[in-house]
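**Q** Can you keep this structure in mind? I'll have questions shortly.
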């Protein structure tokens, strides 16, 4: 489990650092909103007619969250690769918490660093590389983790979220 950074935690020497957004901002046009509102209404009506009011409530809350996210700036989070682990915001992940890493570099859509966690309950860490050189990052991380060279595509959930502009 990641540790909250305080004065007792040693994070090591910083090898690479940059600032990432907590979530991606998408340029959503009027057609996107019309389609999503229509789909949302259909799902809410389905939940009401089948007596599944919790499902309808979840769909409504999901719509509210997407709307609020699209009308505010995404918070900036510092990211560091150190010689002892990885820092994301105020959390420190030791290298022992990861199975490995891989980089998906397919311009113009994907330039992302992924850390596979050992925990079943914790999803992979997804870090946008932005303007950083993926080869330098890869060489630095290979000293501490194994690279999964067989993964050539980003996870389906990330692809779907990007294509549907909900990530």
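Each value in this text was obtained by applying a stated rule to the coordinates, not by laboratory testing. In this text, all values refer to a predicted model and were calculated from it rather than measured experimentally. Cβ sites come from the backbone with ideal geometry, for glycine too, and all protein chains shown count toward neighbours.
**Q** All but one of (1) under 30 Å from residue 33 (Cα atoms); (2) within 17 Å of the chain's Cα centre (by Cα); (3) exposed (fewer than 12 other Cβ atoms within 10 Å of the Cβ) hold for residue 166; which doesn't?
**A** Result: residue 166 passes all but (3).
**Q** When you go through 139, 109 one by one, which is the residue that is without any contact (Cβ under 8 Å) to a residue 60 or more places away in the chain, surrounded by fewer than 18 Cβ atoms within 10 Å (Cβ to Cβ) and over 20 Å from residue 157 (Cα atoms)?
**A** From the options 139, 109, the qualifying one is 139.
**Q** For the structure I just gave you, tell me whether residue 98 is buried (at least 16 other Cβ atoms within 10 Å of the Cβ), under 18 Å from the mean Cα position of the chain (by Cα) and closer than 21 Å to residue 23 by Cβ.
**A** It is false that residue 98 is buried (at least 16 other Cβ atoms within 10 Å of the Cβ), under 18 Å from the mean Cα position of the chain (by Cα) and closer than 21 Å to residue 23 by Cβ.
**Q** Of the residues in the stretch 112-127, how many are more than 18 Å from residue 21 (Cα to Cα), crowded, with 16+ Cβ neighbours inside 10 Å and touching a residue at least 40 places away in the same chain (Cβ under 8 Å)?
**A** Count: 0.
**Q** Turning to a different aspect of this structure: Could you please let me know if residue 35 is out of contact with any helix residue (DSSP H, G or I) (no Cβ under 9 Å at 6 or more places or on another chain) and either more than 26 Å from residue 161 (Cβ to Cβ) or free of Cβ contacts under 8 Å to residues at least 24 places away in the same chain (or both)?
**A** It is true that residue 35 is out of contact with any helix residue (DSSP H, G or I) (no Cβ under 9 Å at 6 or more places or on another chain) and either more than 26 Å from residue 161 (Cβ to Cβ) or free of Cβ contacts under 8 Å to residues at least 24 places away in the same chain (or both).
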